Every structure is written in structure tokens, then in C-alpha cells.
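Novice: Can you keep this structure in mind? I'll have questions shortly.
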Amino acid sequence: MKRISLLSLAAVAALASEPVTIQKITVEASAPKSDAKNVTADEMVKFSRQSDLGEMLSNTLPEITLVRNSGVGNDIILRGFRKDNINVTIDDAKVCGACPNRMDPPAMHVSSSQIASVEVQEGPFDVTQFGSLGGKINVVTKDPEKGVHGEVSATLGSFDYRKLSTVLEGGNDTIQALVGFSRETSGQYKDGEGRTLTEQTNHLLPSTPLLYPQEYKSAYKDMDAYDRNNFWTKIVGKIGDNQKLTLSYFGDRADDVLYPRYKMDAQVDDTDMFNLKYQFLNLSDFSDELKIEGYHSKVTHVMGTDFRVGMAPMYAVTVAPVDATIQGASIENTLTVAGTKVSVGVDGSVRNWNGIKYSKSNPSAINILIPDVDTTNIALYAKGLKTIGNYEISGGIRYDDTTIDPNQNLALADANTTVNKTFLTNMKDRDYTNISANLMAKYNYSSHTNVFMGAGQSMRVPDAKELYWVASGNTNLNETVNREIDLGAEHTVGNFHIKGTAFYSDLKDFIYQYKNSAAATTWANIDARIVGFDLQGDYLLNSEWRIESAMAYQKGTKKDTAQLDALSSVVQSDKDLAEIPPLKGRIALAFDNTIHYAMAEWIGARYQTIDADNGEKEISGYGIFNLKYGAELGNGFSLSTGINNFFNRTYAVNNGYIGNELITGNGVDPLVLNEPGRNFYATLAYKF
């Protein structure tokens with residue numbers, strides 16, 4: 001009988017029969033990447049209508065919570081950490097969203113059809129990447145296989161959801177390649193009360209001079225939620241017996257994406273991502289593997305008010321094009337010294353962020369949003385793993401040198417308001433040097449029981465918006481330091497596995513967005529803490545039936561509100577940190593005999609504690625029930641179907657994004673976007 005390791009949670013087969021493994025890498029597994037396979041479990045397969053990575057992860061791991069933006073492009077919170085406080089990478093390469101309001105977070109810029117597995121590493125225990133303050137999520141894309149293979153899948157779902165995906169791959173012992181394409185469109189989903197995305201917005205806004213311009217025009221209130229095309233390719237070549245070259249490209253073209261919480265929608269969201277990896281294996285006694293990696297990604301995001309009523313009497317349409325690029329490279333050598341696996345590396349990247357805004361009726365009057373900012377980082381790191389008897393010891397250290405340089409384009413500044421021009425003129429460069437380190441230990445008490453502990457320190461510097469968002473950024477921000485302790489244990493009794501992890505995160509100079517007046521926000525450094533735990537348990541009833549369960553809780557608090565209170569004209573006495581997800585749990589009964597798969601699952605959460613001083617809106621707890629079924633039909637065909645939110649509950653999972661450019665004002669709270677109501681889906685796939 002197979003046993004299920006709790007160091008991994010299983011799989012999401014997103015819109016196809018091919019499973020996606022979600023590996024949960026805890027502190028005892030933060031060794032060199034080649035050892036991550038040691039925490040991989042037997043796959044548990046389930047199906048989902050969605051292709052959105054944030055939604056897939058939120059429905060699988062209770063410690064991850066979705067921040068709902070629209071039908072696609074949703075962000076994630078891991079253990080209470082969000083935005084730049086966590087790293088989201090694709091094959092260990094970064095892609096940065098361009099939208100200053102996170103309409104296009106990094107989790108958006110990958111197709112579910114590409115994904116082989118998702119690695120979730122919690123805590124400050126990664127030294128290979130710049131800025132892994134509270135955790136790291138790495139998407140591993142599929143490699144091509146030898147021979148000639150292909151897959152075609154089609155999905156139909158509620159709310160006019162349509163997706164067609166196709167992949168062709170092949171090769172020999174020397175070279176393999178694949179190409180893939182998917183097209184995905186969706187109408188606006190309806191919440192449990194039957195309201196579409198635009199109806200949720202228009203329902204919120206009374207017809208007043210202040211808020212009426214944010215309403216959707218009648219001509220667009222029934223338009224599709226988004227239209228998206230993805231295409232990708234990967235080539236893997238073996239050069240001799242000990243060299244391997246991997247080249248990959250991913251393109252994403254999303255058009256006319258509705259974002260009902262915001263004052264604008266996205267007319268264009270284009271992504272191009274290139275990745276290269278060259279591996280030398282067993283070069284000498286001093287190199288088990290030498291790995292050279294490089295990547296380049298660019299995101300073009302064009303926002304606008306074309307679908308909104310607009311301001312009278314001109315009804316001017318606003319356009320805001322924003323670009324984000326990042327190039328990075330690393331060299332890492334792994335070797336074994338006295339029974340210790342050691343990796344040393346050099347890592348560097350340059351991120352550029354640039355955004356403007358103008359009216360179509362007066363395109364020469366340009367307002368700067370993000371002033372063409374370069375963030376340059378260079379780093380050295382080392383990590384190691386050693387087994388001593390029943391102990392596994394691992395650790396790492398990283399040194400970062402970071403320069404942030406805004407382009408003070410005073411020619412464009414002349415077109416800005418006096419306040420904006422003054423801010424742009426007074427911008428200054430920032431330099432940061434930091435050391436991150438961690439040490440972890442796992443003790444295998446027996447073959448059925450282990451305990452583990454990790455302590456780490458990590459950093460992340462302010463981003464360009466926090467420093468230079470025109471007229472409200474804070475150019476004096478310090479970097480955030482996370483000092484964290486994780487403790488946990490795992491035990492097996494017969495067919496029952498249980499694993500729990502608790503953490504305490506002490507945050508020095510945490511970069512926090514707050515209201516400095518009734519109508520404006522900015523950022524400040526505060527001291528804070530986040531504490532929490534997660535618990536997973538699985539029970540194999542027999543060779544075909546199992547019970548899965550998991551829960552997670554975290555609480556964030558400000559250590560002292562006096563600093564914010566002194567800075568703000570709004571009373572700052574609430575010690576609750578904003579955007580900390582509530583207690584959340586999942587329990588499921590699953591059947592799998594390799595031909596048929598079925599699952600009934602319940603996902604629920606308590607009400608969310610909020611930072612009332614800074615505009616968070618209360619949301620209620622919720623509980624939803626989902627049903628899933630899949631079957632291998634033979635001759636390469638497979639079917640997956642399901643019903644989400646079976647009882648058609650009206651609920652929201654998070655109120656996220658304090659201070660962003662949300663629709664608000666005139667006594668109206670920011671819109672909390674409800675989740676989809678009852679919805680159906682079915683995917684038919686063919687593989688050869």
C-alpha cells in the first residue's frame with residue numbers, strides 16, 4: 001500500500017488530464033535543488049476549471065490565499081506575505097508584473113498547460129534568489145520527451161469559459177523539443193447572487209458626480225472578462241556525455257481584461273520570457289555540477305478607462321502604459337566535500353520599471369507614474385547539506401549589493417503638476433547591502449517520526465513604487481529584515497500521516513502602506529510580527545480511498561502604532577496588520593483506482609481580522625463544497641469534470657490591496673470582489 005508524504009500536497013490537473021504536482025518544501029528540505037525530489041510524494045490528482053496559478057494554489061494549500069482581481073491575473077498571499085515579500089519564479093527565472101496595482105502579478109505569467117510542478121518553499125530559507133523574504137514559489141515547466149508525442153485538450157465551462165490547448169513534442173537521445181499553444185476566453189463569472197463583474201462594480205457605486213465616472217458603460221457591461229493566448233517552446237540538447245543545454249520561450253497575450261475593483265481595465269497585457277540554462281556534469285573532483293543560467297522577461301501593460309463612463313463634460317479616456325523588464329544571470333557550482341554537498345554561486349539581475357499616464361484627448365500632457373527606475377542587484381551565496389547519523393543539517397548564506405536608480409526625466413516632469421514635478425526633482429538614488437543566512441536541522445527519531453527546526457534571516461529592499469510612486473512614494477525607506485524560527489514534526493501511524501509546522505516571524509522595518517490622510521496613502525517602515533502554523537493530515541482508507549485534510553492560521557500585528565500615528569492625520573491605533581488571511585481549512589474524500597478519480601472537498605475560512613484604520617473592509621467567513629470526477633477513457637482519451645461552489649454560496653476570500661488605486665470615495669468602501677457562484681466545467685483531452 002502506498003504511503004503519502006505530507007511534505008508535499010498533490011496535484012492540480014489544470015484543464016487537462018496531465019497532473020501538476022505541488023511540492024511543499026519545508027525547512028528541512030532547503031538543501032541544494034537536486035535534493036528537492038526527496039520531499040516529493042505520490043501524486044494525488046484533482047481537476048480544476050481554472051488556469052490561474054493563484055487560484056490553483058489557493059485551492060490546494062491553506063497557507064496560500066487568493067487575492068481576487070478578476071477572472072484571471074489573481075495574486076497570492078503566502079503565510080501572510082505578499083507582493084515583493086515573496087518570490088514567484090518560473091524555472092528559477094523572474095518575471096515582474098508591470099501594473100503598479102498588481103493587476104498582472106508574476107503568478108499570472110505562465111500557462112497551466114506548461115506546468116510540470118510547483119514548488120512552495122515557506123520562510124526565509126532560500127539564498128539563491130534576490131528578495132525571498134517570506135517564501136518562494138517556483139513553477140517548473142515541462143521538459144520535452146523523446147519520440148513523437150502530442151496532446152490536445154478542450155475545456156467548456158460555465159460563464160462561457162472556453163479553452164483549447166495543444167502541445168507537440170519529440171526528439172532523440174541528443175535533442176528534444178516541444179511547442180505549445182493555448183487560447184482561453186471567458187465571459188464574466190457571476191457570484192452567488194447572480195451578479196457579473198461589471199454588475200458588482202455598478203452595484204457598489206451610486207450615481208454621484210464623484211463615483212459615477214467609474215461605472216461601466218452600457219455598451220461594455222456584458223463584454224467578456226478576458227481573451228488570452230499563450231505560446232511556448234522548449235529545446236533540450238545533450239552535448240557529449242556531460243553537458244546539457246536548455247532553451248525556452250514563453251509568450252502571453254491578454255487583451256481587454258476587466259478589473260472591476262480598479263479605476264481602469266487592461267486593454268493590453270503582453271509578456272515575453274526567454275530562459276537559458278547550461279549544465280556541466282561531473283567536470284572534476286571539484287565540480288559535481290556547474291550550472292550557468294540567464295533569463296530576460298518583459299511585460300507591457302496598458303491600462304485605460306475605455307469601458308468606463310468617464311468624467312463629464314469631456315468624457316476623457318485615460319491611458320496608462322507601463323513596462324517592466326528584468327534580466328538576470330547566475331553561475332552555480334555544486335561539489336561534495338567531506339560528505340557535505342556544497343553549492344556556491346554568483347547571482348545578478350537588473351529590473352527596470354517605467355510608467356506614464358495621459359488623456360487621449362491631450363496625449364502630450366504626460367504624467368509620470370513610475371520614473372524609469374533601474375534596480376540592480378549582484379550577490380554571492382553558498383549553501384550546504386550534510387547527514388550525520390539521524391541528523392540532516394543544512395544552511396546557507398547570501399550577500400547582496402543593490403542599487404536603485406530613478407531616471408529624473410525633467411523634460412517629462414515639466415508636463416506634470418507642480419507637486420509631481422517637485423517630487424521628481426527631489427528623487428534620490430538608494431544603495432543597500434545585506435546579508436541573509438539560515439540554519440536548519442532535521443532529526444529522524446525513527447523511520448516513522450521526525451522533528452525539524454530552522455532559523456533564518458532574509459531581506460528585501462523597497463521596490464520602485466514604494467520609493468518613487470509620484471507624489472506619494474517614500475524615498476527614505478529602509479530594507480525589511482525578517483528573522484524567523486520554524487518548528488515542526490511529522491509522524492506516521494499505520495496509514496495515517498500528520499505533519500505540523502509553526503513559525504514566528506520578527507519583521508524589522510517592515511514596509512507598510514498606510515493612510516497618511518483621509519484620501520491618500522504612503523509607505524513607512526514599522527516593526528511587526530507574523531506568527532502562525534499549518535497542519536496536514538492524510539489517511540489511506542484502503543488502496544483506492546483516502547481522506548485529505550489541512551489547515552493554516554496566521555496572525556500579523558504591529559509592535560507599536562505610535563510611529564504611524566505620528567506620521568498620519570488619520571488615527572493609527574489598530575495593531576492588526578493588513579491583508580493577513582484568516583484561519584483556513586480543507587478536507588476531502590478522494591477515490592483513485594488509476595482509471596477513475598473522484599473527489600468531494602470542503603474549503604472554508606473564518607472571518608478576516610482587519611486594519612480598520614487603513615481602510616480594510618470586513619469580510620465574513622465562508623465554506624464551499626466542490627465535486628470532481630475524472631476518467632481515463634482509453635485510446636489516449638481522458639475526461640475531467642466538476643462542480644465548484646455546489647451550494648452557490650456568495651463569499652469573498654480576501655479584501656486585499658490597501659492603498660491601491662481602487663474605486664472608493666464619497667463614503668463608499670473599496671469593492672471586495674465576490675468569488676464565482678456555482679459553476680461547471682468539463683475537459684476532454686487526447687494524448688498520443
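The values are calculated or read from the model by the stated rules, or taken from the named source; none is laboratory data. Nothing here was measured: the structure is a model prediction, and the numbers come from that model. As a convention, Cβ positions derive from the backbone with ideal geometry for all residues, glycine included, and neighbour counts pool all protein chains shown.
Novice: Within segment 258-279, which residues are touching a Ser or Thr at 6+ places or on another chain (Cβ under 6 Å), in a strand (DSSP E or B) and under 30 Å from Val672 (Cβ atoms)?
Specialist: The answer is Asp270, and nothing else.
Novice: Restrict the check to segment 409-416 and report whether at least one residue is among the small types (Gly, Ala, Ser), modelled with pLDDT of 95 or more and out of contact with any Lys or Arg (no Cβ under 7 Å at 6 or more places or on another chain).
Specialist: For segment 409-416, residues among the small types (Gly, Ala, Ser), modelled with pLDDT of 95 or more and out of contact with any Lys or Arg (no Cβ under 7 Å at 6 or more places or on another chain): absent.
Novice: For the structure I just gave you, tell me whether Ile137 is touching a helix residue (DSSP H, G or I) at 6+ places or on another chain (Cβ under 9 Å) and assigned to a strand (DSSP E or B).
Specialist: Here the answer is yes, as Ile137 does meet what is asked.
This table checks each residue for (1) among the aliphatic types (A, V, I, L, M); (2) under 22 Å from the mean Cα position of the chain (by Cα); (3) crowded, with 20+ Cβ neighbours inside 10 Å.
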| residue | (1), (2), (3) |
| --- | --- |
| Lys499 | no, no, yes |
| Lys508 | no, no, no |
| Gln536 | no, yes, yes |
| Ile547 | yes, no, no |
| Ala552 | yes, yes, yes |
| Asp560 | no, no, no |
| Gln563 | no, no, no |
| Ala578 | yes, yes, yes |
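Novice: All but one of (1) over 26 Å from Gly123 (Cβ atoms); (2) assigned to a loop (DSSP other than H, G, I, E, B) hold for Ile580; which doesn't?
Specialist: Failing condition for Ile580: (1).
Novice: Of all residues being over 13 Å from Phe231 (Cα atoms) and in a helix (DSSP H, G or I) in segment 99-119, which is nearest to the chain's Cα centre (by Cα)? Just the residue, please.
Specialist: Applying the filter and picking the extreme gives Ala107.
Novice: Now for a separate question. Pairs, please: C-beta under 6 Å, at least 6 apart or cross-chain, first residue in contact (Cβ under 8 Å) with a residue 60 or more places away in the chain and in segment 509-524, second of a type in the set (D, E, K, R)?
Specialist: Thr521/Lys515; Trp523/Glu466
Novice: Within segment 469-477, is even one residue free of Cβ contacts under 8 Å to residues at least 24 places away in the same chain and surrounded by fewer than 21 Cβ atoms within 10 Å (Cβ to Cβ)?
Specialist: yes
Novice: Taking only segment 223-247 into account, find how many residues are in a strand (DSSP E or B), closer than 22 Å to Asp269 by Cα and not hydroxyl-bearing (Ser, Thr, Tyr).
Specialist: 6
Novice: Here's another thing I want to ask about it. Could you tell me whether segment 314-335 includes any residue that is more than 29 Å from the chain's Cα centre (by Cα) and either crowded, with 19+ Cβ neighbours inside 10 Å or modelled with pLDDT of 90 or more (or both)?
Specialist: yes
Novice: Out of segment 173-205, which residues are in a loop (DSSP other than H, G, I, E, B) and either under 30 Å from Val236 (Cα atoms) or touching a residue at least 40 places away in the same chain (Cβ under 8 Å) (or both)?
Specialist: Across segment 173-205, the qualifying residues are Asp173, Thr174, Gln188, Tyr189, Lys190, Asp191, Gly192, Glu193, Gly194, Arg195, Leu205.
Novice: Which residues, taken from segment 417-426, are at pLDDT 70 or above and either touching a helix residue (DSSP H, G or I) at 6+ places or on another chain (Cβ under 9 Å) or surrounded by 12 or more Cβ atoms within 10 Å (Cβ to Cβ) (or both)?
Specialist: The answer is Asn420, Lys421, Thr422, Phe423, Leu424, Thr425.
Novice: In segment 601-636, which residues are of a type outside the set (S, T, N, Q), in a loop (DSSP other than H, G, I, E, B) and in contact with an Asp or Glu (Cβ under 6 Å, 6 or more places away or on another chain)?
Specialist: Ile610, Asp611, Lys617
Table: residues versus (1) touching a Leu at 6+ places or on another chain (Cβ under 7 Å); (2) modelled with pLDDT under 95; (3) more than 14 Å from Thr375 (Cβ to Cβ).
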position	(1), (2), (3)
Lys428	no, yes, yes
Asn450	no, no, yes
Gln457	no, no, yes
Pro462	yes, no, no
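Novice: Considering only segment 419-466, state which residues are part of a helix (DSSP H, G or I) and of a type in the set (S, T, N, Q).
Specialist: Asn420, Thr422, Thr425
Novice: Out of segment 636-650, which residues are buried (at least 19 other Cβ atoms within 10 Å of the Cβ) and either within 25 Å of the chain's Cα centre (by Cα) or modelled with pLDDT under 75 (or both)?
Specialist: Gly642, Asn644, Asn645
This table checks each residue for (1) hydrophobic (A, V, I, L, M, F, W, C); (2) at pLDDT below 85; (3) at negative phi; (4) part of a loop (DSSP other than H, G, I, E, B).
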{"position": "Asn38", "(1), (2), (3), (4)": "no, yes, yes, no"}
{"position": "Phe47", "(1), (2), (3), (4)": "yes, yes, yes, no"}
{"position": "Glu55", "(1), (2), (3), (4)": "no, no, yes, no"}
{"position": "Leu61", "(1), (2), (3), (4)": "yes, no, yes, yes"}
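Novice: So, of the residues in segment 428-449 that are buried (at least 18 other Cβ atoms within 10 Å of the Cβ) and touching a Phe, Trp or Tyr at 6+ places or on another chain (Cβ under 6 Å), which turns out to be nearest to Asn377 (Cα to Cα)?
Specialist: For segment 428-449, the residue satisfying everything is Asn438.
Novice: Could you please find all residues in segment 598-621 being over 11 Å from Asn655 (Cβ atoms), out of contact with any strand residue (DSSP E or B) (no Cβ under 6 Å at 6 or more places or on another chain) and touching a residue at least 40 places away in the same chain (Cβ under 8 Å)?
Specialist: The one that is over 11 Å from Asn655 (Cβ atoms), out of contact with any strand residue (DSSP E or B) (no Cβ under 6 Å at 6 or more places or on another chain) and touching a residue at least 40 places away in the same chain (Cβ under 8 Å): Asp613.
Novice: Filter segment 191-215 for residues that are more than 13 Å from Pro260 (Cα to Cα) and modelled with pLDDT of 85 or more; which is surrounded by the most Cβ atoms within 10 Å (Cβ to Cβ)?
Specialist: Asp191
Novice: Looking only at strands (runs of 3 or more DSSP E) that lie completely in segment 467-571, which have at least 2 residues being within 30 Å of Tyr629 (Cβ to Cβ)?
Specialist: 496-515, 521-540, 545-558
Novice: Now, a different point. Surrounded by fewer than 21 Cβ atoms within 10 Å (Cβ to Cβ) and in contact with a Gly (Cβ under 7 Å, 6 or more places away or on another chain) - does that describe any residue in segment 488-495?
Specialist: Yes, some residue in segment 488-495 is surrounded by fewer than 21 Cβ atoms within 10 Å (Cβ to Cβ) and in contact with a Gly (Cβ under 7 Å, 6 or more places away or on another chain).
Novice: Within segment 276-283, is there a residue that is out of contact with any Pro (no Cβ under 6 Å at 6 or more places or on another chain) and farther than 22 Å from Leu335 by Cβ?
Specialist: yes
Novice: Then there is this: Which members of segment 280-331 meet the condition of being in a strand (DSSP E or B) and of a type in the set (Val, Ile, Thr)?
Specialist: Result: Ile292, Val299, Thr300, Val302, Thr318, Val319, Val322, Thr325, Ile326, Ile331.
Novice: Take the residues in segment 260-300 that are farther than 30 Å from Gly237 by Cβ and among the hydrophobic types (A, V, I, L, M, F, W, C); name whichever of them is surrounded by the fewest Cβ atoms within 10 Å (Cβ to Cβ).
Specialist: Among residues in segment 260-300 that are farther than 30 Å from Gly237 by Cβ and among the hydrophobic types (A, V, I, L, M, F, W, C), the one surrounded by the fewest Cβ atoms within 10 Å (Cβ to Cβ) is Val268.
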